[in-house]
Amino acid sequence: MSPLNTNILEGQQLTMERLKQQIMQHEGLEQTAYQCSAGKTSIGYGRNLDDKGISQQEAEYLLENDLIYFTDAIERVVNLQYCNEPRKSVLINMAFNMGLNDFLDFKKTIAFVEVGDFEMAAVEMLDSLWASQVGERAEMLSEQMLTGEWQ
């Protein structure tokens, strides 16, 4: 790259960084959705979710962060000594779907997982309001819990 092009690129990066800092100062950080002064649902530093939404790349980034969070949480609260990765992933999937607190209400399922009784864990998963709400997802995850194989 020529020195002129390098200077232009550096100048653009500096401008972008200054603009970013200025907008962060003006907008402030809101880590949950809120209504901006124009009545639009926004998040972060003024991201207009109603008009712009998020890109697939942004959605996948958020999902990856959520999966890290829920993986850590499940590893802290459930004894996974008998679980292979597909079974552990069932628990993470459930916690992601319903939230950690609601997942922890699956006391019988968790107890069966912790002793390696995956047949009964799968039965208990299906004997729930959650299973009736999510239908096919619950059936697939129950089968994955039972077999220990990705579905």
- Among the lysines, which fall within straight-line cross-link reach of LYS88, defined as a Cα-Cα distance under 24 Å, with same-chain neighbours fewer than 8 residues apart omitted? LYS107, LYS108
- Given the alpha-carbon gyration tensor of the range 17-103, what are the semi-axes of its equivalent ellipsoid in whole angstrom, ordered largest first, with each equal to the square root of 5 times an eigenvalue? 35, 14, 12
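At 0.36 nm per residue, minus the direct Cα-Cα distance, what do ARG18 and ASP105 gain on full extension? Give it in nm, one decimal, please. The partial results should precede the final answer.
Details: separation 87, 0.36 × 87 = 31.32 nm, distance 4.76 nm.
Full extension from ARG18 to ASP105 adds 26.6 nm.
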- Round to the nearest 0.05 the FRET efficiency obtained for LEU29 and LEU80 when R0 = 35 Å and r is the Cβ-Cβ distance. 0.50
- Charge dipole (debye, nearest 20) of the chain; +1 at Cβ of Lys and Arg, -1 at Cβ of Asp and Glu: 560
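Can you give the accessible area per residue of the range 1-123, in Å², using a 1.4 Å probe? Don't skip to the end; give the middle numbers.
On the way: 8500 Å² over 123 residues.
The answer is 69 Å² per residue.
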- Projecting the Cα atoms of VAL123, GLN151, GLY28 onto the charge dipole of the chain, where Lys and Arg contribute +1 and Asp and Glu -1 at Cβ, the residue farthest towards the positive end is GLY28
- List MET24, MET16, ordered by accessible area with a 1.4 Å probe, largest first: MET16, MET24
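For the pair TRP150 and ASP50, what calculated FRET efficiency results from E = 1/(1 + (r/R0)^6), where r is the Cβ-Cβ distance and R0 = 41 Å, to the nearest 0.05?
Values: r = 37 Å, r/R0 = 0.90.
The computed FRET efficiency comes out at 0.65.
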- Query: Hey, if you put +1 on the Cβ of every Lys and Arg and -1 on every Asp and Glu Cβ in the chain, which of PHE96, ASN84, LEU19 ends up farthest toward the positive end of that dipole?
  - Reply: LEU19
- Order these peptides, 121-134, 53-66, 98-111, by their mean beta-carbon neighbour count within 10 angstrom, highest first. 121-134, 98-111, 53-66
- Item | Rounded if a/c under 1.5, otherwise prolate or oblate - the range 73-135, Cα gyration tensor axes | oblate
- Unit charges on C-beta of K, R, D, E only; dipole of the range 79-137, Debye: 120
- Can you pull the percent of the chain's accessible area that's carbon plus sulfur, 1.4 Å probe, other chains left in place? 52
- the chain: calculated mean residue ellipticity at 222 nm from DSSP helix runs of at least 4, using -39500 (n - 2.57): -21000 deg cm²/dmol
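Normalising by the residue count of the range 15-135, find the relative contact order in percent from Cα pairs under 8 Å and 6+ residues apart.
Contact order relative to length: 13 percent.
The values are calculated or read from the model by the stated rules, or taken from the named source; none is laboratory data. The shown structure was predicted, so the numbers you read here are calculated from the model rather than taken from an experiment. Counting neighbours? That spans all protein chains shown, and the Cβs are built from the backbone with ideal geometry, glycine included. Note: areas computed on protein heavy atoms with side chains; ligands, DNA, RNA excluded. Shrake-Rupley method; radii C 1.70, N 1.55, O 1.52, S 1.80 Å.
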